[in-house]
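A.B. asks: Quick one: this structure, given as structure tokens, is what I'll be asking you about.
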Protein chains: 2
Amino acid sequence: MIDRQVTVFAPATVSNVACGFDVLGFAIERPGDEVTARFAEPGATGVVIDGITGDGGRLPRDAARNTAGVAAQALLTAVGERRGVVLSIAKGLPLSSGLGGSAASAAAAVVAVNALLGAHAPLDTLIACAIEGEGLGNRSAHPDNIAPALYGGFVLVRHPHPPDIVQLPVPTGLMAVVVHPELEIETAKARALLGTTVPLADAVRQWANLGALVDGLHRADFGLIARALEDTIAEPRRASLVPGLAAIKQATMDAGALGCSLSGSGPSLFALCRGEDSAQRVADAMTRAVAVHIGRESQTYVSSISPRGAHVISSCGL
Amino acid sequence: MIDRQVTVFAPATVSNVACGFDVLGFAIERPGDEVTARFAEPGATGVVIDGITGDGGRLPRDAARNTAGVAAQALLTAVGERRGVVLSIAKGLPLSSGLGGSAASAAAAVVAVNALLGAHAPLDTLIACAIEGEGLGNRSAHPDNIAPALYGGFVLVRHPHPPDIVQLPVPTGLMAVVVHPELEIETAKARALLGTTVPLADAVRQWANLGALVDGLHRADFGLIARALEDTIAEPRRASLVPGLAAIKQATMDAGALGCSLSGSGPSLFALCRGEDSAQRVADAMTRAVAVHIGRESQTYVSSISPRGAHVISSCGL
């Protein structure tokens, strides 16, 4: 008899999206993390992690200190499940890359455990448990990676706790380019650069742009989307973390991108583009510029805004 | 022979709209200001104001110090017109009321002069000239009253200079209630209360709400509109200017409003409501609450979000 088990893929996510610090995010098709869940031996309780690949041995195997483990445990508690669960994690996302790796593992874990249990928990519960998992890394985190990792698409977090998530429309032809240079930036360090207050004038400009971006997405107004993709808050204060950021952005915009900024707290960069041809040209230009200005290898992804959040990719015995 | 002349009405406008400090505004049907323009005697140049009613003698008659006069002169200069223009102004809007009175006079003046000249100036020129007129009162002003006074409807000012104006959709049934208590608040004093920096956390919450409001207007999602109508920036810092503001808001919300906040820098208050019956109940509750908590007379207006900005209401000889 084959043990009942389920494997879930959760995608990389780009958060902040220039004008939406802490509130906007979108999912791309790949890369992502995979979490496999199965029941533990009879009598066992709680969550055990029996293996992690792709992290170079750096993530905690102790479930209580692992985002996927904490998220899974939160779901077991939320639904009153007494059976134990074993997780295997295949990290497709590089650590500290700004691609929402913690969120992907947490989202994949809750969806996998939910499927293993029979998929009865409502989405509200799943998101709350995934947030609890990701919270390991940053307890004040906004679910701007968790929400797109779970729901897919382009999302706005109107309120983080309890989550009030708005799924934004995605115009036909809107494409993302994501470049991950082989640098690591700790989210906590990137956040510290922001301070706790911002000039009112910068904030006004940010919310004007965010409102315009939402309108542009609804109307498929690519000109307005392009004008709105400006970050007056996080990027200027974090630019020092990514060498040559201004030059890389310039090369990206010169290649025809609608906009370009840091993905999350970086070092990954994203661009939004109109159409696949444009996205491919922008990807080439960004990759070259990263090589020249950062002097590191990089991985480049060209993707639609993926409508699929965390989802089952294989299962048996269910 | 009857002299050629034209009279334009420009509506009151509600700016800020809770979550859109300095960037959001909408027009209501009435009250508003009227400006009549005619040519001066042959040989005269520039702008002369030959009368103002409804201001209790308080507004400058010197065109160079009057918002309508400066706006009209800006348009004459912009289009290279050498003939002189005479303006008569009928203020329907109370001074320092938070209803966009300066913007209404400036918008009415440019539309009136433009019509007098044959209506050839593009909208971009009209808005720039109206902004220049309103700038008399506050040179750093954002055109969040000017834009709806000119365009009508619900607008987002993505960028003030040069103006990048986004006309937002208005869901069927969205109604405004505006109550003007007989207080005056100087815009400059209200602005000074804000300071020049804001907590990042408050700013994040504001742009999350603004993005959600824009989405809610597009989807006609009244629940989301209601949740988004929260001001974390201006209202908390200005609450001291309006006695009993919290109690008035509570009465307004208890009567079924979607949201309620200061109109501009106050003292007028606005509420948004779903449907005329709800708006009428809210209007009654707000009016009573203002009487109880502010202890002043007030004028109350129930209105659709008016699709009409400044427009000609009478003309002859054109």
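We did not get these values from a lab; they are worked out from the coordinates using the rules stated. Remember, predicted model here, so these are calculated numbers, not experimental data. When we count neighbours, we look across all protein chains shown, and the Cβ atoms used for this are built from the backbone with ideal geometry, even at glycine.
A.B. asks: Only helical DSSP H runs with n ≥ 4 go in: add -39500 (n - 2.57) per run for the protein assembly as shown, normalise by residue count and round the 222 nm mean residue ellipticity to 500 deg cm²/dmol.
C.D. replies: Working: 20 runs with 228 residues, N = 636.
Theoretical 222 nm ellipticity from helices: -11000 deg cm²/dmol.
A.B. asks: When only C-alpha pairs under 8 Å and at least 6 residues apart count, what is the relative contact order of chain B, in percent?
C.D. replies: On the way: 790 pairs, mean separation 83.0, N = 318.
After rounding, I find 26 percent.
A.B. asks: Tell me the distances, shortest first, between B:P169 and the same position across the other copies, using label points 7 Å along Cα→Cβ, in nm to one decimal.
C.D. replies: 0.5
A.B. asks: What is the sum of charges around A:H311, taking Lys and Arg as +1, Asp and Glu as -1, for the other residues whose C-beta is under 14 Å from the C-beta of A:H311? Show your work: numbers first, answer last.
C.D. replies: Numbers: positive: A:R30, A:R308; negative: A:E29, A:D33, A:E34.
That sum, taken over residues with Cβ under 14 Å, equals -1.
A.B. asks: HN-Hα J couplings of the range B:51-68 from phi, Karplus 6.51/-1.76/1.60, θ = phi - 60°, integer Hz, Gly and Pro as x?
C.D. replies: Couplings: x, 9, 10, x, 10, x, x, 9, 8, x, 7, 5, 4, 6, 10, 10, 4, 5 Hz.
A.B. asks: Additional query: For B:A246 and A:S315, FRET efficiency with R0 = 60 Å and r from the beta-carbon atoms, rounded to 0.05?
C.D. replies: Efficiency, rounded to the nearest 0.05: 0.65.
A.B. asks: I need the GluC sites (Glu not before Pro) found in the range A:166-263, filtered to DSSP loop residues with at most 11 other beta carbons within 10 Å of theirs. It would help to have the intermediate numbers written out before the result.
C.D. replies: Details: sites: A:E182, A:E184, A:E186, A:E230; in loops: A:E182, A:E184, A:E186, A:E230.
Passing both the DSSP loop test and the Cβ count: no residue.
A.B. asks: Let me ask another. Need the full-extension length gain, B:R308 to B:T125, defined as separation in residues times 0.36 nm minus the C-alpha distance. One decimal, nm.
C.D. replies: Details: separation 183, 0.36 × 183 = 65.88 nm, distance 1.85 nm.
Difference between extended and current length: 64.0 nm.
A.B. asks: So, with +1 on the Cβ of K and R and -1 on the Cβ of D and E, and no other charges, what is the size of the charge dipole of the range B:174-304 about its Cα centre, to the nearest 20 debye? Before the final figure, lay out the partial values.
C.D. replies: Details: 12 positive and 14 negative charges, 47 e Å.
In total the dipole reaches around 220 debye.
A.B. asks: Compare B:K91, B:K189, B:K249 in a GNM of chain B, Cα atoms joined below 10 Å, and give the one with the largest fluctuation.
C.D. replies: B:K189
A.B. asks: If I fit a long axis through the Cα atoms of helix B:245-254 and take the longest principal axis of the Cα atoms of chain B, what angle between them do I get, 0 to 90°, rounded to 10?
C.D. replies: On a 0 to 90 degree scale, this one is about 70.
A.B. asks: Related question: Thinking of the range A:1-60 as a set of Cα atoms, what percent of all their pairs are more than 12 Å apart? The partial results should precede the final answer.
C.D. replies: Working: 1371 of 1770 pairs.
That tail contains 77 percent of the Cα-Cα pairs.
A.B. asks: Computed over the Cα atoms, what is the radius of gyration of the range A:174-304 divided by 2.2 N^0.38 Å, N being its residue count? Walk me through the numbers before you get to the answer.
C.D. replies: On the way: Rg = 14.6 Å, N = 131, 2.2 N^0.38 = 14.0 Å.
Scaled against compact globular proteins, the figure is 1.04.
A.B. asks: Once both axes come from the Cα atoms, what is the angle between helix B:123-134 and the longest principal axis of chain B, in degrees from 0 to 90, rounded to 10?
C.D. replies: Taking the Cα atoms of chain B, the angle to B:123-134 is about 80 degrees.
A.B. asks: Output the 0 to 90 degree angle, nearest 10, between the alpha-carbon long axis of helix B:200-219 and the longest principal axis computed from the alpha carbons of chain B.
C.D. replies: Between the helix axis and the principal axis of chain B, the angle is about 80 degrees.
A.B. asks: Further question: What ³J(HN,Hα) values, in whole Hz, does the Karplus curve 6.51 cos²θ - 1.76 cosθ + 1.60 give for the range A:29-35 when θ = phi - 60°, with x put for Gly and Pro?
C.D. replies: Result, ordered by residue: 5, 7, x, x, 9, 10, 10 Hz.
A.B. asks: Apply the Karplus parameterisation 6.51 cos²θ - 1.76 cosθ + 1.60, with θ equal to phi minus 60°, to every residue of the range B:167-182 and state each ³J(HN,Hα) to the nearest whole Hz, in sequence, with x for glycine and proline.
C.D. replies: Rounded to whole hertz, the list is 8, 8, x, 10, x, 4, x, 6, 10, 10, 10, 10, 10, 10, x, 7.
A.B. asks: Under the rule a/c < 1.5 gives rounded, and otherwise a/b versus b/c splits prolate from oblate, where does the range B:202-263 land using the Cα gyration tensor?
C.D. replies: Verdict is oblate for the range B:202-263.
A.B. asks: Also, quick follow-up: Quick one: work out Rg over Rh on the C-alpha atoms of chain A, Rh as Kirkwood radius.
C.D. replies: Working: Rg = 19.2 Å, Rh = 19.6 Å.
The Rg/Rh ratio comes out at 0.98.
A.B. asks: Please average, across the residues of B:217-229, the number of beta carbons from any other chain that are within 10 Å of each residue's own beta carbon, and give a whole number.
C.D. replies: Details: counts 4, 7, 3, 0, 1, 0, 0, 3, 0, 0, 4, 4, 0.
For this peptide, the per-residue mean of nearby foreign Cβ atoms is 2.
A.B. asks: Please compute the average number of Cβ atoms from other chains found within 10 Å of each residue's Cβ in peptide B:160-168.
C.D. replies: Values: counts 3, 0, 0, 0, 6, 1, 11, 1, 5.
Rounded to a whole number, the mean comes out at 3.
A.B. asks: Here is a further query. Going by C-beta contacts inside 10 Å, put A:S315, A:S265 in order with the fewest on the left.
C.D. replies: Details: A:S315 16, A:S265 24.
Going from sparsest to densest Cβ surroundings: A:S315, A:S265.
A.B. asks: At A:A192 and B:A64, where each label point lies 7 Å from the Cα along Cα→Cβ, what is the point-to-point distance in nanometres?
C.D. replies: 5.7
A.B. asks: Apply 1/(1 + (r/R0)^6) to the Cβ-Cβ distance of B:R288 and A:A291, taking R0 = 56 Å, and write down the FRET efficiency to the nearest 0.05. Numbers along the way, then the final one.
C.D. replies: Numbers: r = 69 Å, r/R0 = 1.23.
It comes to 0.25.
A.B. asks: List the residues whose amide H sits under 5 Å from the amide H of B:S97, counting only those 5 or more places along or on another chain, with H placed 1.01 Å from N in the peptide plane.
C.D. replies: none
A.B. asks: For A:V23, what residues show an amide H to amide H distance below 5 Å, using hydrogens built from the backbone and excluding near sequence neighbours?
C.D. replies: A:N16
A.B. asks: Here is a further query. With a 10 Å Cβ neighbour count serving as the proxy for reagent exposure, in which order, fewest first, do B:I225, A:I313, B:I131 appear? Intermediate values should be presented prior to the final figure.
C.D. replies: Details: B:I225 22, A:I313 14, B:I131 27.
Lowest to highest Cβ neighbour count: A:I313, B:I225, B:I131.
A.B. asks: Given the options A:A279, A:G266, A:W207, identify the residue whose Cα lies farthest towards the positive end of the charge dipole of the range A:174-304 (+1 on Cβ of Lys, Arg; -1 on Cβ of Asp, Glu).
C.D. replies: Final value for the positive-end residue is A:W207.
A.B. asks: If you don't mind, another one. Among rounded, prolate and oblate, which fits the range B:163-209 when a ≥ b ≥ c are the square roots of the eigenvalues of its C-alpha gyration tensor, a/c under 1.5 means rounded, and a/b larger than b/c means prolate? Numbers along the way, then the final one.
C.D. replies: On the way: a/c = 1.97, a/b = 1.13, b/c = 1.75.
Cα axes put the range B:163-209 in the oblate bin.
A.B. asks: Moving on. At 7 angstrom along the Cα-to-beta-carbon line, where would the label on B:G54 sit relative to the other copies? Give the distances in nm, shortest first.
C.D. replies: Distances to the matching label points in the other copies: 6.6 nm.
A.B. asks: Could I ask something else about it? Taking neighbour counts of Cβ atoms within 10 Å as a proxy for exposure, in what order, fewest first, do B:M253, B:M286 appear? Could you put the intermediate results ahead of the total?
C.D. replies: Details: B:M253 17, B:M286 26.
So the residues, fewest neighbours to most, are B:M253, B:M286.
A.B. asks: Could you give the length gained on full extension between A:R4 and A:A201, defined as 0.36 nm per residue of separation minus the Cα-Cα distance, in nm? Walk me through the intermediate numbers first.
C.D. replies: Numbers: separation 197, 0.36 × 197 = 70.92 nm, distance 5.61 nm.
Taking A:R4 through A:A201 to full extension adds about 65.3 nm, to one decimal.
A.B. asks: Per residue and in cubic angstrom, what volume does the convex hull of the Cα atoms of the protein assembly as shown have?
C.D. replies: On the way: hull volume 100.5 nm³, N = 636.
So the per-residue hull volume is 158 Å³.
A.B. asks: Now for a separate question. Quick one: which residues, 5+ away or cross-chain, put their amide H under 5 Å from the amide H of B:T197? H built at 1.01 Å from N.
C.D. replies: Answer set, sorted by chain and number: A:L200.
A.B. asks: Quote the relative contact order of the range B:174-304 in percent (integer), defining contacts as alpha-carbon pairs under 8 Å separated by 6+ residues.
C.D. replies: Values: 213 pairs, mean separation 53.2, N = 131.
Here the relative contact order equals 41 percent.
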